[in-house]
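Below is one structure; the comments refer to it alone.
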Amino acid sequence: MAPNALLDVRNVETYYGNIRALNGVDVSVNQGEIVALIGANGAGKSTLMMTIFGSPRARSGQIVFDGTDITQMPTHEIARLRIAQSPEGRRIFPRMTVLENLQMGASLDKLKFFDEDVEKVFTLFPRLKERINQRGGTLSGGEQQMLSIGRALMARPRLLLLDEPSLGLAPLIVKGIFDAIRELNRTQGLTVFLVEQNAFGALKLATRGYVMVNGSVTMSGTGKDLLADPEVRAAYLEGG
Ligand code: ATP
């Protein structure tokens, strides 16, 4: 498979009750890559992201992170390995301020880095600094997305999982978010696994990509190759 991968998902099946949402999925992410998973609504993209993070659990197959089998690990232990997630819908704490939300992302053993890490988030997203005492629930959609990514970064992740960071945002804001992800990868070598319906933006950003259809990976390749692929173009890019 992918012996040197930072994250290696092998033949994973995930069910909701009797319904199989993932049907033997193989995906790998190497150190320093941005890998995008694209696919239509209901393809199983979020399910894969959540399965990597331990909820729901895979019913079969294996998920290995940096040589450790995390398939059956509880989420808090997975987080301790420094996998961080910005989930679909952002899930920020609406009554907490921007700063308090960032505090929630910092793990206890990283508190000595808190000021430094907050400054890094504010350098990446200066908008958040301007709104440091504003409650999360009153932020715009784009600002909430920045906060969700910022909160994930506070865990000093070795792997950042991003579920639909562009969802519901205006094109210019999406560009800002994608630029920030590119910058994190370029300057800090951060490894990113990203799920997106915005196939064009995601594949332009990604080193490699996977296409998911009905719970199975049907295609993979470099971001560039997938962008040029006629089938991908017809299904996910044209008119989009
Ligand atoms: P979207 O882009 O619309 O979020 P997706 O590719 O992320 O789509 P999933 O949300 O992973 O797709 O859904 C995959 C399948 O699993 C769908 O058929 C969905 O209805 C089903 N599913 C998702 N969550 C649950 C749940 N909690 N209980 C039962 N079925 C679920």
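Computed values, structure above
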quantity: Between region 148-172 and region 175-240, the alpha-carbon center distance in angstrom; calculated: 15
quantity: Ellipsoid semi-axes in whole angstrom, largest first, where each is sqrt(5λ) of the Cα gyration tensor of the chain; calculated: 28, 21, 16
quantity: Other-chain or far-sequence residues with amide H under 5 Å of Gly24's (modelled H); calculated: Val12, Glu13, Thr14
quantity: Nearest-ten-degree value, helix 171-188 long axis tilted from longest Cα axis of the chain; calculated: 90
quantity: Built amide H within the under 5 Å cut-off of Leu37, gap 5+; calculated: Leu194, Val195, Glu196, Tyr210
quantity: Shape category assigned to region 188-228 from the gyration tensor of Cα positions, a/c cut at 1.5; calculated: prolate
quantity: Expected 222 nm ellipticity per residue - DSSP helices of 4 or more, -39500 (n - 2.57), all of the chain, to 500; calculated: -9500 deg cm²/dmol
quantity: Listed residue pairs exceeding 26 Å between alpha carbons, taken from Lys45/Lys204; Lys175/Lys224; Lys112/Lys204; calculated: Lys112/Lys204
quantity: Difference of contour (0.36 nm per residue) and Cα-Cα distance, Asn18 to Ser216; calculated: 69.6 nm
quantity: Backbone HN-Hα couplings from phi across region 133-146 [Karplus 6.51/-1.76/1.60, Hz, Gly and Pro as x]; calculated: 9, 7, 6, x, x, 9, 6, 5, x, x, 5, 5, 5, 4
quantity: Percent RCO, i.e. relative contact order, over region 81-166, from Cα pairs under 8 Å lying at least 6 residues apart; calculated: 57
quantity: Relative contact order computed over region 130-240 (Cα-Cα under 8 Å; 6+ residues apart), in percent; calculated: 19
quantity: Segment Ile132-Met96, extension gain: residue separation times 0.36 nm, minus the distance between their alpha carbons; calculated: 11.9 nm
quantity: The chain - share of DSSP beta bridges that are antiparallel (%, nearest 5); calculated: 55
quantity: Accessible area of the chain belonging to carbon and sulfur atoms, whole % at 1.4 Å probe; calculated: 50
quantity: Sites Arg182 and Gln72 - FRET efficiency at Förster radius 30 Å, r taken between beta-carbons, to 0.05; calculated: 0.30
quantity: Karplus-derived 3J(HN,Hα), 6.51/-1.76/1.60, for each residue of region 85-99, Hz, glycine and proline x; calculated: 10, 10, x, 4, x, 6, 6, 6, 8, x, 8, 8, 6, 4, 5
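The values are calculated or read from the model by the stated rules, or taken from the named source; none is laboratory data. Worth saying up front: this structure is predicted, and the values here are computed from it rather than measured. Every residue, glycine as well, gets a Cβ built from its backbone with ideal geometry; the counts of neighbours run over all protein chains shown. To get the accessible areas, we keep the full protein, side chains included, count just its heavy atoms, and leave off ligands, DNA and RNA. Shrake-Rupley method; radii C 1.70, N 1.55, O 1.52, S 1.80 Å.
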